[in-house]
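**Student:** This structure is in structure tokens; I'll ask about it shortly.
The values are calculated or read from the model by the stated rules, or taken from the named source; none is laboratory data. Just so it is clear, the structure is predicted and the values come from calculations on it, not from any experiment. Every residue, glycine among them, receives a Cβ derived from its backbone with ideal geometry; neighbour counts consider all protein chains shown.
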Amino acid sequence: MNIKQETKILIVEDEPYLLRQIRDLLTRKGYIAETASSRAETVSRILNEDDISLYLLDVWLPDGDGFGLCSMIRTKNLRPVIFLTACDDEESVVRGLETGGDDYVVKPFRTAELLARIRANLRRKDDRTAATVWRCGDIRADLDANEVYKGEEKLNLSAVEYKLLLALMENGERIVRRETLMEYLWDRWDQEIEDNTLSVTISRLRRKIGAEYIETIRGFGYRLKGPVGKALA
Ligand code: CA
């Protein structure tokens, strides 16, 4: 894969030596490597910078943890998040993936492994973006034509229902938080108004594609049932 000049990676790590090591490694490989060493600094970068292609998140920071940061990233975008976790910390791995993380690398890691994970996650993202037909069970979304089919039948989805379906499909079988969906669908998160609107939109989509396709994770969000296949038309 050609590394595009604009592939910017944000490295969040409070151990200065490790931070420098990763930054130098990524810079040598042609990435633009940005760094942050505290939760506070990372929050401001997440909120203010839209051109970060991938996030490397340390789980434990002096002023907070990486899980909350990952949830915050997910309210902004769906770009890859890789957690840097301490050895054998299985609980962290699980929690990291539940908050919307894509992958994890256990410290200490080999540079080759870290680079391979970064490339794989960036590529997966590229593949997802390039694929024009997404399938889950009987449901087929044609991204070029903006059409959705169930079997042979063309479904009549509203723009917001279509966007919601793609957001769920984009995440495969991963849980998507309600906050993430609301931010994505309406560009903001206003609990009072949007909470109910999201529930209504979910039930409309369920009626059209089949209730069995969308699972509710109480107090958290939604998940598509069944794997999503993505291919070129
Ligand atoms: Ca740490």
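**Student:** Need the failing condition index for Ala120 against (1) surrounded by fewer than 17 Cβ atoms within 10 Å (Cβ to Cβ); (2) within 15 Å of the ligand (Cβ to nearest atom); (3) not in a strand (DSSP E or B), just the number.
**Tutor:** Result: Ala120 passes all but (2).
**Student:** Among the residues of segment 143-155, is any under 13 Å from Pro227 (Cα atoms) and not assigned by TED's automatic domain parsing to the domain that holds Asp102?
**Tutor:** The answer is no; no qualifying residue exists.
**Student:** Taking Val43 as the residue in question, decide whether it is away from the ligand (no atom under 15 Å from the Cβ) and in contact with a strand residue (DSSP E or B) (Cβ under 8 Å, 6 or more places away or on another chain).
**Tutor:** Spelling it out, it is not the case that Val43 is away from the ligand (no atom under 15 Å from the Cβ) and in contact with a strand residue (DSSP E or B) (Cβ under 8 Å, 6 or more places away or on another chain).
**Student:** Here's a follow-up. Does segment 91-109 include one or more residues that are surrounded by fewer than 18 Cβ atoms within 10 Å (Cβ to Cβ) and among the small types (Gly, Ala, Ser)?
**Tutor:** No: zero hits.
**Student:** Find the residue count for segment 11-27, including only residues that are in a helix (DSSP H, G or I) and among the charged types (D, E, K, R).
**Tutor:** Residues in segment 11-27 being in a helix (DSSP H, G or I) and among the charged types (D, E, K, R): 3 in total.
This table checks each residue for (1) among the small types (Gly, Ala, Ser); (2) exposed (fewer than 12 other Cβ atoms within 10 Å of the Cβ); (3) within 17 Å of Ser71 (Cα to Cα); (4) at pLDDT 90 or above.
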| residue | (1), (2), (3), (4) |
| --- | --- |
| Met182 | no, no, yes, no |
| Trp186 | no, no, no, no |
| Glu192 | no, yes, no, no |
| Thr216 | no, no, no, yes |
| Val228 | no, no, no, no |
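**Student:** Just name the residue that is farthest from Ala86 (Cα to Cα) out of those in segment 5-21 that are more than 16 Å from the ligand (Cβ to nearest atom) and touching a Ser or Thr at 6+ places or on another chain (Cβ under 9 Å).
**Tutor:** Going through the qualifying residues, I end up with Glu6.
**Student:** Quick one: which of Ile82, Ile73 is part of a helix (DSSP H, G or I), in contact with a helix residue (DSSP H, G or I) (Cβ under 9 Å, 6 or more places away or on another chain) and within 26 Å of Arg178 (Cβ to Cβ)?
**Tutor:** Ile73
**Student:** Moving to a separate point now. Could you list, in sequence order, all residues of segment 136-178 that are basic (Lys, Arg) and in a helix (DSSP H, G or I)?
**Tutor:** Result: Lys163, Arg178.
**Student:** Has segment 22-30 got at least one residue that is touching a strand residue (DSSP E or B) at 6+ places or on another chain (Cβ under 7 Å), assigned by TED's automatic domain parsing to the domain that holds Thr85 and farther than 25 Å from Ser92 by Cβ?
**Tutor:** yes
**Student:** Then there's this: Which ones in segment 128-157 are modelled with pLDDT under 90 and of a type in the set (Ser, Thr, Tyr)?
**Tutor:** Passing the criteria: Thr129, Thr132.
**Student:** Taking segment 86-117, which residues are more than 16 Å from the ligand (Cβ to nearest atom), of a type outside the set (A, V, I, L, M) and either in the same structural domain as Arg223 (by TED's automatic domain parsing) or at pLDDT 85 or above (or both)?
**Tutor:** Asp102, Asp103, Arg110, Thr111, Glu113, Arg117
**Student:** Kindly evaluate Gly137 against the criterion of being in contact with a strand residue (DSSP E or B) (Cβ under 6 Å, 6 or more places away or on another chain), touching a residue at least 12 places away in the same chain (Cβ under 8 Å) and surrounded by 15 or more Cβ atoms within 10 Å (Cβ to Cβ).
**Tutor:** No; evaluated as a whole, the condition is false for this residue.
**Student:** If you don't mind, there's one more thing I want to ask. I'd like to check something: does segment 28-38 contain any residue that is touching a helix residue (DSSP H, G or I) at 6+ places or on another chain (Cβ under 7 Å), in a helix (DSSP H, G or I) and away from the ligand (no atom under 14 Å from the Cβ)?
**Tutor:** no
**Student:** Name the residues in segment 26-49 that are under 22 Å from Arg117 (Cα atoms) and not basic (Lys, Arg), would you?
**Tutor:** Leu26, Thr27, Gly30, Tyr31, Ile32, Ala33, Glu34, Thr35, Ala36, Ser37, Thr42, Ile46
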